[in-house]
Amino acid sequence: MIRNLAGSVLALAGATAAVWSPFRAWYDGRHGRDYAIDELFTGITDARAEVIGSILAPFLFAALLTLLGVLLRSRLLVACAGIVVLGFTVLWMVRVGQAEGSLTVGGDGGGLGDGVANALGGGVLLLIGALVMSGRSRAPHRGDRPPPRSARPAGDGPRPDGPHPDDPDPREDPRAHPGASAPYAATQTYDVPVRDPDQERRNPPPGS
């Protein structure tokens with residue numbers, strides 16, 4: 001949480017510096033908003049560009065990526081915003097160097113101005129903010145969760161939290177008490193004939 005907060009502050013500060021930089025002097029007192037974005041690919045001229053079509057446009061796009069990255073806690077979006085700012089700034093420096101023959105830094109308003117420094121610093125802050133952010137927390141994987149009670153193998157000993165409703169009733173399962181004997185079978189009665197001496201005298205058995 002603290003890392004995301006610190007990274008978001010750095011990223012927002014970098015996006016603010018990048019958006020503000022075109023309104024500062026970039027080279028020989030010429031502001032960044034005066035450079036048309038198409039001149040970064042075709043060559044720098046003395047023509048003055050419209051604000052919406054100037055180098056401000058990619059920096060506004062980078063600021064939008066930064067806002068989305070902060071809201072979604074996406075390090076990738078914040079890092080992409082930093083790359084956009086640094087990429088267009090470096091491309092501008094290459095084109096100006098080709099047009100001027102060389103880049104100079106002067107203390108009297110000539111050469112590179114503080115607008116370039118703001119753009120470069122903003123891009124670096126965006127990358128640092130992306131590194132500081134921890135990103136979105138992932139949900140625990142299914143394999144990391146303990147198995148359900150019904151899936152645990154039998155014979156693991158008594159449960160510390162007591163029996164579960166899905167467990168079989170030990171009173172109905174004879175395997176739960178290996179030493180218990182089987183119940184006795186049901187008793188049966190047999191009719192045993194009773195000897196009658198008088199009847200034997202009247203009807204002696206054959207051969208007597």
Compute the length gained on full extension between residue 16 and residue 91: take 0.36 nm times their separation in residues and subtract their Cα-Cα distance, giving the result in nm to one decimal. 25.0 nm
Karplus (6.51, -1.76, 1.60) ³J(HN,Hα), θ = phi - 60°, over segment 50-62, in Hz, Gly and Pro reported as x: 6, 5, 5, x, 8, 5, 5, 4, x, 6, 5, 5, 5
Label-point gap, in nm, between residue 46 and residue 60 - each point 7 angstrom along Cα→Cβ: 2.9 nm
If you stretched the chain out fully between residue 67 and residue 105, how much longer would it get, using 0.36 nm times the residue separation minus the C-alpha to C-alpha distance? 10.4 nm
Near the amide H of residue 27, under 5 Å away, which other amide H atoms are found, from residues 5 or more places off or on another chain, if H is placed in the peptide plane? 113
Which percent of Cα pairs goes in each bin when the distances of segment 1-120 are cut into 10 angstrom slices starting at zero? 15, 44, 28, 12, 2
Whole-Hz Karplus couplings 3J(HN,Hα) for segment 122-128, θ = phi - 60° and coefficients 6.51, -1.76, 1.60, Gly and Pro as x, run x, x, 5, 5, 5, 5, 5
Under 13 Å from the Cβ of residue 131, count the other residues' Cβ atoms, weight Lys and Arg +1, Asp and Glu -1, and hand me the total. +2
By per-residue mean of other Cβ atoms within 10 Å, what is the highest-first order of 81-88, 128-135? 81-88, 128-135
List the residues, sorted by chain then number, that are 5 or more residues from residue 55 or on another chain and whose placed amide H is less than 5 Å from its amide H. 35, 37
Label-point separation (nm) for residue 5 and residue 83, each offset 7 Å from Cα along Cα-to-Cβ? 3.0 nm
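Here, each number is a calculation from the coordinates, and none is a lab measurement. Since the structure is predicted, the reported quantities are computational estimates derived from the model, not experimental observations. Glycine gets a Cβ as well: all are built from the backbone with ideal geometry, and neighbour counts include every protein chain shown.
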